[in-house]
Amino acid sequence: MAEYAGLSLLQVRELDYVQYLTWRRDAYIYRLSQTEAGQEYLDNAWRMEQTEPDREALRRKLRKEG
């Protein structure tokens, strides 16, 4: 996280907890996005978080198959 944020370890230690967690999350996502497997993981994680169906995508898919 320190490398991602461009901070020294001492500066990271001085961050408030919420800021630290936010940057840690962002650094993790950034690292995953660098590889194909990581991108697939992120895509799947995003898909699993969705609570509403993508109706337009479903309509397009059904038109192609029908």
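The values are calculated or read from the model by the stated rules, or taken from the named source; none is laboratory data. Computed from a predicted model, the values in this text were never measured in an experiment. Cβ sites come from the backbone with ideal geometry, for glycine too, and all protein chains shown count toward neighbours. Protein only, heavy atoms only, side chains kept; ligands, DNA and RNA dropped before computing areas. Shrake-Rupley method; radii C 1.70, N 1.55, O 1.52, S 1.80 Å.
Overview of values
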{"item": "Å² of accessible area per residue within the chain, as computed with a 1.4 Å probe and no ligands counted", "result": "95 Å²"}
{"item": "Sites Gln50 and Ser8 - FRET efficiency at Förster radius 35 Å, r taken between beta-carbons, to 0.05", "result": "0.35"}
{"item": "Candidates Asp43, Asp26, Asp16, ranked by Gaussian network fluctuation over the chain, Cα under 10 Å, top entry", "result": "Asp16"}
{"item": "On Cα atoms only, tilt of 17-32 relative to the major axis of the chain in degrees", "result": "50 degrees"}
{"item": "Percentage of interatomic Cα-Cα distances in the chain larger than 20 Å", "result": "53 percent"}
{"item": "Cα long-axis angle, helix 36-49 against the chain (0 to 90 degrees, to the nearest 10)", "result": "70 degrees"}
{"item": "Helix 55-65 vs. the chain, principal-axis angle (Cα, 0 to 90°, nearest 10)", "result": "50 degrees"}
{"item": "Protein accessible area in the chain, 1.4 Å probe - carbon and sulfur %", "result": "51 percent"}
